[in-house]
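Undergrad: To start, I am sharing the structure in question, which I have written as C-alpha cells.
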Amino acid sequence: MLVSLLAVAFSLITFAATQEATCYAPNGDIADNKTCVPCNKLGINQQGIYSSCCALEGQHETRQTCLTSGLCEDSSGQLYRGFCTDRTWRSKACTSICMGDESSGDASNSAFLTSCENTNRPAYCCGRLNSTCCGTDDQIYFEGVESPCTSDSVGGSDGESDPKRVKYVTIGLAVAVAIIVLVEAISAQWLWRQNRWLKAQAAERWEIDLFVDRHAAEHLVENTQGMHDNSDPASDNGFASGRNESREMNGAR
C-alpha cells in the first residue's frame with residue numbers, strides 16, 4: 001500500500017512538471033517552448049481551453065510581457081503577435097493577426113507590430129517600425145482576444161517579468177500534495193502496524209488468562225479429590241460401633 005501511494009505522489013509531481021502546454025506558430029510549427037510560455041501561466045492542457053503565448057523566459061533582452069490584449073511586448077516597448085496553444089489557431093484566445101507573408105507577418109514565428117497613432121481605437125501595422133499602413137484601409141484594428149484564458153499583465157516596475165515563479169506554482173502545489181499523500185501513507189502504515197500489535201497483545205493476554213483459569217480449575221479439582229481421599233475411615237467405624245452398643249443396651253432393658 002505504501003509503495004502504491006508513493007507511486008501516486010511521484011506521478012503527481014511528474015504530471016505537473018510535464019503538462020506545460022505546447023505553443024504553436026500559425027502554420028502549426030512548435031514554438032521554442034524553453035522560452036515561449038502560455039500567458040495563462042498554468043498552461044495545463046484542458047479540452048477547449050487555450051491561451052496566447054509570449055517569450056516569458058530566456059535572456060532579459062528578449063524576454064517579453066503578456067498584455068491583456070493578447071499581444072506580447074519586450075523591454076524596449078516593441079509589440080509582437082506571439083504564439084497560441086491551439087495548433088489550429090481557431091480559438092479566440094489566439095491573436096490571429098499578421099499571420100502571413102502577404103501582411104508582412106510570419107506564419108512560422110512571431111510577428112512584429114507597429115502601433116498606429118491618432119486613431120480612435122487600437123490599430124496596428126504588421127512589421128517593425130512599419131507605419132506605412134496607418135491611416136489606410138490596410139491598418140489592423142485589434143481590440144484584443146475574447147477568451148477568458150487571455151493573458152494578464154506580468155512584470156514589475158523595471159519591466160522585468162518573473163514567469164518562473166508563477167510557472168512553478170503548479171509544480172509546487174503538486175509537491176505539496178505529494179508530501180501530504182506521503183505523510184498520510186506513513187501515518188496509515190503506522191496505525192495499521194500499531195493496531196496489529198495491539199490485537200496480538202490482546203490475544204496473548206487472553207491466552208494467558210485462559211491458561212491461568214484452566215490451571216486454577218484443575219488445581220481446585222485435585223485438592224477436592226485429595227480431601228475426599230484423605231478422610232479417616234476409623235472415625236466412621238467408631239461411630240458405627242457406638243450406635244450398635246447403644247442399641248444392645250436398649251435391648252437389654
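Undergrad: At 0.36 nm per residue, minus the direct Cα-Cα distance, what do Ser96 and Ala202 gain on full extension? Give it in nm, one decimal, please. Don't skip to the end; give the middle numbers.
TA: Details: separation 106, 0.36 × 106 = 38.16 nm, distance 7.38 nm.
Once the chain is fully extended between Ser96 and Ala202, it gains 30.8 nm.
Undergrad: Between Asn27 and Glu184, what is the label-point separation in nm under the 7 Å Cα-to-beta-carbon projection?
TA: Calculated label separation equals 4.9 nm.
Undergrad: Could you order peptides 206-215, 52-61, 125-134, 73-82 by the average number of other Cβ atoms within 10 Å of their residues, highest first?
TA: Working: 206-215: 10.0, 52-61: 20.6, 125-134: 16.6, 73-82: 18.1.
Those peptides, ordered most packed to least, come out 52-61, 73-82, 125-134, 206-215.
Undergrad: Another question about this same structure. Fully extended, how many nm does the chain gain between Gln194 and Arg128 (0.36 nm per residue separation, minus their Cα-Cα distance)?
TA: Working: separation 66, 0.36 × 66 = 23.76 nm, distance 7.13 nm.
Contour length minus the Cα-Cα distance gives 16.6 nm.
Undergrad: Can you pull the one-decimal nm distance between simple spin-label points at Ala176 and Ala217, each 7 Å off the Cα toward Cβ?
TA: 6.2 nm
Undergrad: Would you mind getting me the FRET efficiency between Gln78 and Gln47? Use the beta-carbon distance for r and R0 = 51 Å, nearest 0.05.
TA: For R0 = 51 Å, the calculated efficiency reads 0.90.
Rule-based calculations on the coordinates, nothing more; no lab input. As the structure is a computational prediction, the values presented were derived from the model and not from experiment. Note that each Cβ is placed from the backbone with ideal geometry, even for glycine, and that neighbours are counted across all protein chains shown.
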